[in-house]
Amino acid sequence: MKRPREIIAQFLNELEKHMNDLKTGKAETTFEVQDIAALLHIHPTHLSNTIKSELGKSPCDIYEEKLMHISKELILTTDLSIAEIARQLTFDPSNFSKFFKHFEGITPKQFREKSRVKF
């Protein structure tokens, strides 16, 4: 395996572990690029450049996509309040709503209500 592919595989593995920790409420903070780079023993810029050149997305873009996926999953499959979900994902509730709306176009509460109407 070439080194860039190895870096990407390790990045995605560490990111998946972190996302599982967020999903289950075990994470106390969200990761930043330098946190994952430190786990991989490489420089954050090298990590960012490798991911961007190989996948066409920044590490932050990938992180946010995965975070949105987990957010939607928790909203749709749990009875946790939006504020509880926000805290579990290490957000302040108002910042979570802004984050969610930025990507989805509607608030988490609207997303939940809209999704319940479909079923």
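Any chance you could count how many residues in the range 1-45 are touching a residue at least 12 places away in the same chain (Cβ under 8 Å) and on the phi > 0 side of the Ramachandran plot?
Qualifying residue count for the region: 1.
Tell me which residues, restricted to the range 13-54, are touching a Leu at 6+ places or on another chain (Cβ under 6 Å) and at pLDDT 95 or above.
Result: Glu14, Ala37.
Check Thr107, Thr90 and return the single one that is in contact with a Lys or Arg (Cβ under 8 Å, 6 or more places away or on another chain) and either under 22 Å from Gly25 (Cβ atoms) or not hydrophobic (A, V, I, L, M, F, W, C) (or both).
Thr107
Return the residues of the range 1-27 that are in a loop (DSSP other than H, G, I, E, B) and out of contact with any helix residue (DSSP H, G or I) (no Cβ under 6 Å at 6 or more places or on another chain); say none if nothing qualifies. Working first, answer last.
Step one: list which residues in the range 1-27 are in a loop (DSSP other than H, G, I, E, B), which gives 1-2, 24-27.
Selection gives Met1, Lys2, Thr24, Lys26.
So how many residues does the range 68-119 have that are free of Cβ contacts under 8 Å to residues at least 24 places away in the same chain, of a type in the set (Lys, Arg) and over 17 Å from His18 (Cα atoms)?
Adding up the residues that qualify gives 5.
I need the helices (runs of 4 or more DSSP H) fully contained in the range 28-119, keeping only those with at least 1 residues that are under 26 Å from Glu6 (Cβ atoms). It would help to see each step written out before you state the result.
Values: elements: 33-40, 44-55, 59-77, 82-88, 93-104, 108-118.
Once the helices (runs of 4 or more DSSP H) in the range 28-119 are filtered for at least 1 residues that are under 26 Å from Glu6 (Cβ atoms), what remains is 33-40, 44-55, 59-77.
Can you find even one residue in the range 57-65 that is among the hydroxyl-bearing types (Ser, Thr, Tyr) and more than 25 Å from Gln10 (Cβ to Cβ)? Lay out the reasoning, then the answer.
So in the range 57-65, the residues among the hydroxyl-bearing types (Ser, Thr, Tyr) come out as 58, 63.
Subsequent filtering for residues that are more than 25 Å from Gln10 (Cβ to Cβ) retains none.
No, because not a single residue in the range 57-65 is among the hydroxyl-bearing types (Ser, Thr, Tyr) and more than 25 Å from Gln10 (Cβ to Cβ).
With Glu73, Glu32, Glu84, Glu14 as the choices, which residue is among the acidic types (Asp, Glu), under 30 Å from Phe111 (Cα atoms) and surrounded by 16 or more Cβ atoms within 10 Å (Cβ to Cβ)? If you could, list the steps in order and put the result at the bottom.
Numbers: Glu73 fails: surrounded by 16 or more Cβ atoms within 10 Å (Cβ to Cβ); Glu32 fails: surrounded by 16 or more Cβ atoms within 10 Å (Cβ to Cβ); Glu84 fails: surrounded by 16 or more Cβ atoms within 10 Å (Cβ to Cβ).
Exactly one residue qualifies, and that residue is Glu14.
The values are calculated or read from the model by the stated rules, or taken from the named source; none is laboratory data. From a predicted model like this one, the values you see are computed outputs, not experimental measurements. Neighbour counts run over all protein chains shown; Cβ positions are idealised from the backbone, glycine included.
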